[in-house]
Structures are given as structure tokens and as C-alpha cells.
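First the structure, in the form of C-alpha cells, and then the observations on it.
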Amino acid sequence: MQQATATSTLPAIQIADCSNLDENATTLFLASGSNPYENTEEFLFDCEMRADEMPRFIRRALLEFQVRSNQEGVLLLHGLPIDPELDRIHTPPDALRSTEKTTYVSERCLAMIGSRLGHLVSYIQEKNGDLFQNLVPIKGSEQLQSSTSSQTRLQFHRETVFHPYPPEYLLLYCLRPDHDRVAETTYASVSHALPLLADAERDLLFQPLYRTGIDYSFGNVQTIKGNGPVLPVLYGNRTDPFLNYDEDLMMAITPEADAALVALKEAIAAVYRRVKLTTGDILCIDNRRTVHGRSSFVPHYDGFDRWLQRSFVVRDLGRSASDRHPGERIIRTCF
Ligand SMILES: [Fe+2]
């Protein structure tokens, strides 16, 4: 698969460096509390209360990112606390919950950071609806367009573009990078891609001329294109738009619209950036402004492969209320 070339002239990623937190701040993340998988709501409430006490620079960075985002549409929190004994805990082999990890620092980091952006939700079709999802390479999935792949580029996409209740943010916490430290999370913001498009292309992309597809992880195991809803690619403010985009599964319904989609694909390939996540990093991605992907890497399947945890955040829980059980965070929309 062709690898696009990223420019290196764009501004650097916005980083909140959390690697020198004082003892009080560190304790907020490390002190034990409820089990996030058994007493979920209490865990989330406790994390939100703890987040109120985080250092001001973290709260300020998250507030600004929530209210006005930034040109990259991503915010990196670097050097967050990590689970004790993490070195000895194996990467779960099947992307389900780790049976070895009995502390919940990574989950607490995700819930605390996420609580300043909105509310954590999950989708019943993904990882049994867990709020904290393990992203690990799985044997046999190396070439899929799915988070379980490894030896192929994960193409640019907005998360769940086909879904009526997509997350406004996704958070990636890195527990362990890949062995060779080559795996890069790639991202491209609409702010950077838009200037490369002609007015006529923008006009087309603002119209509902694009049929997207259902994700592999939501049951589209044949990776059929165009089996989802028809949407505009760009929406919102004309000069500062949001975008719906999936490089793999989206298709135009007219030749003119297709030419504009190709132009956007080329623009994304020209402006995308990349970041190598290390242990204790959380990458916050504005899912309305920025598409993301991943470079390829070689898994070893030795218990110490790349391991991320992912959480989804919505601004308004009420929007998905009809498709959730009362008091639950799992969105159960059927496809
Ligand atoms: Fe994704």
C-alpha cells in the first residue's frame, strides 16, 4: 500500500507535559478506587471529582481544546502516571480485558482526562462495550483495516463516521509501544487540508453526495464499501468546517463528487503528521476536525507487543439516550 509523504513544515503538536507532577497530583491518578469494570458509574464519578483537582495547566489545556480545539485537532498529554508493575504485565493477546492488570491507573487517566472534555461512552459492537478498550495486534488480523492489524497502514478515518452518535473525541493511552518503536499514530486536520482544495471541490464536499460504510468492527467483515448513510464530507462553518471521512469505506455517488473526494485524499496525504506514542502518553483527537490512522509495524506475539487503551467521549450524553439503557454508557444502536 502506498505510503503518503507528510510535510514537516507544519507547527508542532500541542503538548501538555505531565512528567513532573508533584506528589499530590500524582496521587490523584495512583490512589486506588472503584473497579472500573464492576462499579463503572462510581469509578467515573470519582475520576471526575479527582480531575477537578488536577494541576491548573492540565485543566486549562483541556478546556481550550474542548472549547476551540487547535489547528492540529489533537492534544498530547505526555508523561502521565502509569500502572505499578506494568513492566511485568503481559499485553492481552486477544484485545479483551487483561486478567493480569489488577490496578487501574491507565483507566483512571483516561476517565479523568475524558471527564474534562465530556462523557465516556462505548459501542456494544466494539470489545463488548467496554469503556476502556485494549488495542493490540492480533494474530491473523495483520492486514485488516482494523485496530487489530499491524503490518499494513491503517488508513485515515474519522471514528464511526457512519454512526448517528459518533464520539466528539477519542483518547489513546499508550501502555506499551511496539518492540521496534516504529509504529506511528498518523493524523490530518481539516484545517490543514482545506487550503489545498479548490472552491468547486469544497462546494461538492459540503453536499450530501458521499455514501460511507459500516466499520469492520461493527460487523462489516466483508469490508463492503458504501453500505452506510449518505453524508456530506464537510459540514458546519464554511471556512472552519468539520469533516466526515473514511479513506477505506467512503465513496462518492457522482463522478464530480468523486473527483473532489480524490482531491481531499491527496490533500490529507500532503498534510498529515505523525506521532510515536510512548508509555504514559494520552493522545486526545478531535474526531470532528481530524482524521487518524497508524503506520505499519511488526508484532512479535510474545506478550509484550504494542498496547494502547482507547476511550470515546461525547459532549452530550442525552443525544444517544434512546439507544442506551438508563444509567449505562453503552450505545446499542443496531446496524
Ligand atoms: Fe480509529
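Go through the stretch 202-241 and give me each residue that's modelled with pLDDT of 95 or more and surrounded by 21 or more Cβ atoms within 10 Å (Cβ to Cβ).
Listed by number, the residues that qualify are LEU204, LEU205, TYR210, VAL233, LEU234.
Conditions (1) surrounded by fewer than 18 Cβ atoms within 10 Å (Cβ to Cβ); (2) closer than 24 Å to VAL314 by Cβ; (3) within 19 Å of the chain's Cα centre (by Cα), marked per residue:
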site: ARG153; (1), (2), (3): no, no, yes
site: TYR169; (1), (2), (3): no, yes, yes
site: LEU172; (1), (2), (3): no, yes, yes
site: ASP178; (1), (2), (3): no, no, yes
site: LEU197; (1), (2), (3): no, no, no
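Looking at ALA188, ALA193, which one is buried (at least 23 other Cβ atoms within 10 Å of the Cβ), in contact (Cβ under 8 Å) with a residue 24 or more places away in the chain and either within 12 Å of the ligand (Cβ to nearest atom) or part of a strand (DSSP E or B) (or both)?
On inspection, the qualifying residue turns out to be ALA188.
Restricting attention to the stretch 265-301, report how many residues are more than 22 Å from GLY79 (Cα to Cα), within 16 Å of the ligand (Cβ to nearest atom) and in contact with a helix residue (DSSP H, G or I) (Cβ under 9 Å, 6 or more places away or on another chain).
Qualifying residue count for the region: 6.
Tell me which residues, restricted to the stretch 128-152, are away from the ligand (no atom under 13 Å from the Cβ) and either of a type in the set (Lys, Arg) or not in a loop (DSSP other than H, G, I, E, B) (or both).
Matches in the stretch 128-152: ASN128, GLY129, ASN134, LYS139.
LEU204 passes all but one of (1) in contact with a helix residue (DSSP H, G or I) (Cβ under 6 Å, 6 or more places away or on another chain); (2) assigned to a loop (DSSP other than H, G, I, E, B); (3) without any contact (Cβ under 8 Å) to a residue 60 or more places away in the chain; which number fails?
(2)
Taking only pairs six or more apart or across chains, which ones have beta-carbon atoms under 6 Å, a first residue in the stretch 135-161 that is of a type in the set (Val, Ile, Thr), and a second residue that is in a strand (DSSP E or B) and more than 14 Å from the ligand (Cβ to nearest atom)?
So the pair list comes out as VAL136/TRP307.
Mind checking which residues of the stretch 233-245 are in a loop (DSSP other than H, G, I, E, B) and in contact with a strand residue (DSSP E or B) (Cβ under 7 Å, 6 or more places away or on another chain)?
VAL233, ASN244, TYR245
Since SER149 meets every condition but one in (1) at pLDDT 95 or above; (2) of a type outside the set (Asp, Glu); (3) crowded, with 20+ Cβ neighbours inside 10 Å, which condition does it not meet?
SER149 satisfies all of (1) at pLDDT 95 or above; (2) of a type outside the set (Asp, Glu); (3) crowded, with 20+ Cβ neighbours inside 10 Å except (1).
The values are calculated or read from the model by the stated rules, or taken from the named source; none is laboratory data. What you see is a predicted model, and the numbers here were worked out from it, not measured in a lab. Every residue, glycine as well, gets a Cβ built from its backbone with ideal geometry; the counts of neighbours run over all protein chains shown.
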